[in-house]
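Below is one structure, written out as structure tokens; the observations come after it.
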Amino acid sequence: MGGLGEGDAYEAYVTPPLKIEIPDLTSYDVAAAILKTDHFNLSNFVGIPIHGLLGYEFFNNLAVKLSFTDSTITVYRPRDVRKFRRGEKIPMTVEYHKPYIQAKVTLPNGTEQMSKLVIDLGAGHPISLENMIKKNGLPQKFIIANLGVGLSGPITGFLSRIEEVDVGKYKLKKVITSFPNDYDEATMSSLSVSRDGNLGVGILKRFTVIFDYQDNALYLKPNTNFGEPFEHDMSGIEYYAAGDGLKHLIISRVEPGSAADEVGLEKDDEITSINFKPVVDMSLEEIDNVLKSKADRNLLIEVYHDHRFDRVILTLKRRI
């Protein structure tokens, strides 16, 4: 198995067709791949145990509603979903078992372009634009970042903002955008479908979303998160959950020159509390939200470092 990322392809076992069940729904003859090694470490990055992924073959004959405000998935037979189709209808294509839409992207230099984007519910960022650096260069203000993990390993690149993303009638301003390092022609040609990037949860979570696979349509209805500004981490810390119950918060990288770097936080330090609240009582999403909450906000961070506990005052600063 291969894909985006810096590394070799992974080996996997292909199983006979499986029967997979969730409450009140069973899908038959679902193909599956089992990686020989868990390269993704999804449980560590999400902070809860994850045993696998459900994809298109499980849902392809259904309509699927995602509500991010109450963290629920509702699955319908297509004939029963009509009364729930409120919101903007976005034409969608399914190619090689992946959903794609067209969105208008406005770059910082004012250039507008229609972009073909794969909808990626596994991507936490709002939008990623591939192979854009060579064509348009980077926006004036950016930071170097680890963008995630692809099938072939870590994805490195840059984070910045673009002026606007238009999805149907909805216009999203000053959107945090990932710019992966330009891939060589062999990597790009390995993709089954030519595309311009992907649309992630950073945008989708602002809507109630319905995937209607039978009608090749995506329905979007704004929720209470729609008007929130796009923000990125203001601490300069990258981290993961580890240990029993995934309750230990370990720093994996500190961005040079960032707020965390200025107060001396280092790789392999363990953060034990934020503003006196133990991290064992916080989800990774809560921690993410605190660390991108407000520029110039002071946080009291307790950290286990060199076999002792220290406390530092971390002042958040907006980096992009």
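Compared with the alpha-carbon gap, the fully stretched path from Ile143 to Glu286 is longer by 49.2 nm at 0.36 nm per residue. Fewest neighbouring Cβ atoms within 10 Å first, the residues His97, His305 line up as His97, His305. Each Lys and Arg adds +1 at its Cβ and each Asp and Glu adds -1 at its Cβ; summed about the Cα centre, the chain shows a dipole of about 1540 debye. For Lys171, a cut-off of 18 angstrom between C-alpha atoms picks up these lysines, skipping any fewer than 8 places away in its own chain: Lys89, Lys104, Lys116, Lys205, Lys221.
Extending 7 Å from Cα along the Cβ direction at Lys277 and again at Asn223 yields two label points whose distance is 1.9 nm.
Between Phe158 and Ala145, Phe179, Asn181, the built amide H atoms are under 5 Å apart, and every one of these is 5 or more places off in sequence or on another chain.
Modelled spin-label separation between Asn216 and Lys169, with each label point placed 7 Å from Cα along the Cα-to-Cβ direction: 2.3 nm. Remark on Ser252: its backbone amide H falls under 5 Å from those of Glu238, Tyr239, Tyr240, Asp268, a criterion applied only to residues 5 or more positions apart or on other chains, H modelled at 1.01 Å from N. FRET efficiency for the Glu57 to Arg318 pair, using the beta carbon distance and R₀ = 35 Å, is estimated at 0.25.
The dipole here belongs to the range 237-315: it is taken about the Cα centre, uses +1 on the Cβ of Lys and Arg and -1 on the Cβ of Asp and Glu, and is about 220 debye. Count the net charge of all other residues whose Cβ sits under 12 Å from the Cβ of Val118, scoring Lys and Arg as +1 and Asp and Glu as -1. With Lys, Arg at +1 and Asp, Glu at -1, the net is -1. For the range 216-287, just say rounded, prolate or oblate: build the C-alpha gyration tensor, square-root its eigenvalues into a ≥ b ≥ c, call rounded for a/c under 1.5, and beyond that prolate if a/b exceeds b/c, oblate if not. Prolate is the answer for the range 216-287, as a/c is 1.5 or above and a/b outweighs b/c.
Only helices enter this figure: runs of n ≥ 4 DSSP H residues, each worth -39500 (n - 2.57), summed and divided by the residues of the chain, yield -2000 deg cm²/dmol at 222 nm to the nearest 500. With the charge dipole of the range 63-222 set up from +1 on Lys and Arg Cβ and -1 on Asp and Glu Cβ about the Cα centre, the Cα lying farthest toward the positive end among the listed residues Ser192, Gly137, Gln102 is that of Gln102.
Only one residue of Met114, Tyr28, Thr15 has its Cα farthest out toward the positive end of the dipole of the chain, where Lys and Arg carry +1 and Asp and Glu -1 on Cβ, and that residue is Met114. Volume of the convex hull of the range 48-136 (Cα atoms only), normalised per residue: 171 Å³. In terms of other Cβ atoms within 10 Å, Ser160, Ser67 run from fewest to most in the order Ser67, Ser160.
Considering only Phe179, Tyr76, Ala295, and ranking their Cα positions along the charge dipole of the chain that arises from unit charges at the beta-carbon of Lys, Arg, Asp and Glu, the one farthest toward the positive end is Tyr76.
Given +1 at the Cβ of Lys and Arg, -1 at the Cβ of Asp and Glu and no other charges, the dipole of the range 42-124 around its Cα centre is 460 debye to the nearest 20. The simple spin-label model puts a point 7 Å past each Cα toward its Cβ; for Glu112 and Glu262 those points are separated by 3.9 nm.
Each value in this text was obtained by applying a stated rule to the coordinates, not by laboratory testing. What you see is a predicted model, and the numbers here were worked out from it, not measured in a lab. Here the Cβ is made from the backbone with ideal geometry for all residues, glycine too, and neighbour counts use every protein chain on show.
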